[in-house]
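Colleague: Structure provided below as structure tokens; questions to follow.
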Amino acid sequence: PGGDGGAVPDRGEEYAADPPEGAGDVELKGAARPAHEVYDFDVRYVCPHQEEMKDYQARVEREVNVFLKYRGKFALDAGAATWDTAAYPPQPVCKEYLAVLMEIGNLRREIGRDGAAARAFAECAELDGDGAGHNDTDARDRAVRTYTLLQKYRSAAQLCQNVPPTTWTAYAVALLPHLGGTTADNDDDVRAAVRARPLVAHRILADAAFRAAEGGAVAEAAEEIDGAPPGTAAEALEYGASEQMDLWAGCARARACLGRVLRATGGGAVDLEGPTAADVDWAACLDAEERAIREAQNEGSNDEEREGDAAEEGEQGDGAEDGGDGGDEDEPEVQEGDAELAYIAMFRVAMEEHLRHDKGGAGSPHGATRVEEEDGAAPDNSDSILQK
């Protein structure tokens, strides 16, 4: 306080009104300097690391793992009329990959690397399909056959689960439990195999007749069949020349179970889901297949005759002008389906030979009874619809 008792003056107002001398000339140094004086900013600068991260994130959003997303759908094709192509695998890359796997498996089988071949076939089978169980290749069948040859029955059985039955998968399911040492009968699995491919069942039970028919010519021709159409006599002959047939021949219990199912079917003792007597009649199956082939050949012949009438007339005119030499007649052309008709004839000859030498052939219930007797089971001599 002043001597006169007055108030203390406010120095802030004095400094604000009149700053100290030299206050504006102070030079800041070090961390006290403003940022724009320390760094040289350029708005055009682009960080390469940030751009690389952005590109990576965009690439991750675009890319998909085809092997995971489209597993079991590699054979699916979007087609030209489908707009939602994101739901379909990229084609033809996926189908080409399946073809490469099949080629690898076949080459490995040829050089004796069956284990590696089975893995290639199995991988192709897991990728193949249209999402509904329909496959574009026969990789699953080849994998099952190769695993069976290697006596890896568990791996073969796993490939047969939850898939539409084929000849190889259906009869593998019917056979493998007996090879694994089980004592329980699997009549349901055998019945499903017979319902899917009845001709194969007859081929199995009449194995001796097929091997001896026509002096072994039928067996030799069957060894040349590869990839026969499903449900045909050629496919049954192909199965008879496979490694699975050797396993059936060496397992009396499996053959007895198969014969029991055929005998029950012939006598009408089947459930609503099982095959009927007409379904397992080998003669009726062969007649139906032959009739279908003949009809297809007749339709094809009619089309060719209509298209070639003009050309034939021209050739005849040229022959008349040249005087004609009365040459030999042209040899008959081989039509599509002639090979299948030959296989049908082979199958029929073998079955008839089997029935002549064995009154209880595979076409009747007594053929299955004979197999059961080998296994110690009691024979069943009941009459059947097929025998009548």
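Colleague: Could you state how much accessible area TYR343 has, in square angstrom rounded to the nearest 10, with a 1.4 Å probe and all protein chains kept in place?
Modeller: Accessible area, nearest 10 Å²: 50 Å².
Colleague: Highest mean first, what order results for 117-130, 210-223, 238-251 on Cβ atoms within 10 Å?
Modeller: Details: 117-130: 22.6, 210-223: 16.5, 238-251: 19.1.
Descending mean neighbour count gives 117-130, 238-251, 210-223.
Colleague: What full-extension length gain, to one decimal in nm, is calculated for HIS134 and GLU223 as 0.36 nm per residue of separation minus the Cα-Cα distance?
Modeller: Details: separation 89, 0.36 × 89 = 32.04 nm, distance 2.70 nm.
Between HIS134 and GLU223, full extension yields 29.3 nm more.
Colleague: At a 10 angstrom cut-off on C-beta neighbours, averaged per residue, how do the peptides 294-302, 346-354, 45-53 rank from highest to lowest? Don't jump to the answer; show the numbers that get you there.
Modeller: Numbers: 294-302: 12.0, 346-354: 21.1, 45-53: 8.4.
Going by the mean number of other Cβ atoms within 10 Å, highest first, we get 346-354, 294-302, 45-53.
Colleague: For ALA208 and LEU68, what does the FRET efficiency come to when R0 = 41 Å and r is the distance between their Cβ atoms, rounded to the nearest 0.05?
Modeller: Details: r = 50 Å, r/R0 = 1.21.
Result of the calculation: an efficiency of 0.25.
Colleague: For GLU27 and ARG59, FRET efficiency with R0 = 51 Å and r from the beta-carbon atoms, rounded to 0.05?
Modeller: Working: r = 51 Å, r/R0 = 1.00.
With a Förster radius of 51 Å, E is 0.50.
Colleague: Here is a follow-up. Could you give the length gained by full extension between ARG356 and GLU126, i.e. 0.36 nm per residue of separation minus their alpha carbon distance, to one decimal place? Can you show the working numbers first?
Modeller: On the way: separation 230, 0.36 × 230 = 82.80 nm, distance 4.57 nm.
Between ARG356 and GLU126, full extension yields an extra 78.2 nm.
Colleague: If you don't mind, there's one more thing I want to ask. Take the Cβ-Cβ distance between GLN158 and TYR45 as r, set R0 to 56 Å, and report the resulting FRET efficiency rounded to the nearest 0.05.
Modeller: Values: r = 59 Å, r/R0 = 1.06.
Result of the calculation: an efficiency of 0.40.
Colleague: Could you work out how far the C-alpha centroid of region 51-78 sits from that of region 84-141, in angstrom?
Modeller: Taking the Cα centre of each part, region 51-78 and region 84-141 sit 20 Å apart.
The values are calculated or read from the model by the stated rules, or taken from the named source; none is laboratory data. Quick caveat: nothing in here was measured; it's all calculated off a predicted structure. FYI the Cβ positions are ideal-geometry reconstructions off the backbone, even for glycines, and counts take in every protein chain you see. Areas reflect the complete protein model, heavy atoms only, side chains present, ligands, DNA and RNA absent. Shrake-Rupley method; radii C 1.70, N 1.55, O 1.52, S 1.80 Å.
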